[in-house]
Structure formats: structure tokens, C-alpha cells
Amino acid sequence: MKEDKGIPLSVMERFFRRVGAERVSREALIELKKVLEKIALELAKESVELAKFSKRRTVKGDDVRFSSKRVFRLLYLSTVGEEERASEGEYS
């Protein structure tokens, strides 16, 4: 089986340890890796689009900062929408 490249699982484990986890399952490491890579790819895509819109070939730190606000706002709104749909289903 070919190993997936990207962010190493050891980095994921370090994140958990920094916030106090004593033990972390491999499944948790893999899930965190999937989520963070998905966010990172979306952020990179938005940053590239912003640089192109500004008629630049170079992606700058400001592009990433601006894109992160947009991406995280969209993530937040999507989770709020899921919570609202879930709560509506509970009381219907």
C-alpha cells in the first residue's frame, strides 16, 4: 500500500500533546490530518485566486491572511448551519 504524503502524523501527535493529550489513537491522528489538509488546500486555493485577481503571480502573506478570514468564516457558517438543522430535527 502506497503511503499518503502530506503532513506527517508525528506533527499531528505534537498538536495533541501540546494541548495536554497523554495518548492519541492513530485514527485520531489520521482524522486531524485529513481535516487540516482539506483546510490548507482550500486556503491555498483561495490565496492563489486572490493573487490572480490582483494580477500578480506571487501569493503574498496578505493573500493568505485575507483568504483565511474568508475560509474560516465559511467553515463557521457551515457548522452553524449543521447545528441548526440538527436542532430542528430534534424538536420537530
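Which members of the stretch 28-39 meet the condition of being closer than 17 Å to S68 by Cβ, among the aliphatic types (A, V, I, L, M) and touching a residue at least 12 places away in the same chain (Cβ under 8 Å)?
Residues of the stretch 28-39 closer than 17 Å to S68 by Cβ: 35-39.
Filter again for among the aliphatic types (A, V, I, L, M), leaving 35-36, 39.
Correct list: L36, I39.
Can you name the condition, by its number, that Y76 falls short on among (1) assigned to a loop (DSSP other than H, G, I, E, B); (2) of a type in the set (S, T, Y); (3) modelled with pLDDT under 95?
(1)
When you look at R56, is it closer than 21 Å to I7 by Cα and in a loop (DSSP other than H, G, I, E, B), yes or no?
On the way: closer than 21 Å to I7 by Cα: no; in a loop (DSSP other than H, G, I, E, B): yes.
No.
Being touching a Phe, Trp or Tyr at 6+ places or on another chain (Cβ under 6 Å) and surrounded by 12 or more Cβ atoms within 10 Å (Cβ to Cβ), is that true of even one residue in the stretch 36-43? Talk me through it step by step, then tell me what you get.
Within the stretch 36-43, the subset touching a Phe, Trp or Tyr at 6+ places or on another chain (Cβ under 6 Å) is none.
No, the stretch 36-43 contains no residue that is touching a Phe, Trp or Tyr at 6+ places or on another chain (Cβ under 6 Å) and surrounded by 12 or more Cβ atoms within 10 Å (Cβ to Cβ).
What are the pairs with Cβ atoms under 6 angstrom where one residue, in the stretch 45-58, is without any contact (Cβ under 8 Å) to a residue 40 or more places away in the chain and the other, located anywhere, is in a loop (DSSP other than H, G, I, E, B)? Sequence gap at least six, or different chains.
Hits for this filter: S47/V59; V48/V59; A51/V59.
How do the pairs read when you match residues in the stretch 16-27 that are surrounded by 10 or more Cβ atoms within 10 Å (Cβ to Cβ) with residues anywhere that are among the acidic types (D, E), using Cβ under 9 Å and keeping only pairs 6 or more apart or on different chains?
Note: pairs meeting the criteria are A21/E13; V24/E13.
The values are calculated or read from the model by the stated rules, or taken from the named source; none is laboratory data. This structure is a prediction, so every number in the text was calculated from the model and none was measured. Backbone-built Cβ (ideal geometry, glycine too); neighbour counts: all protein chains shown.
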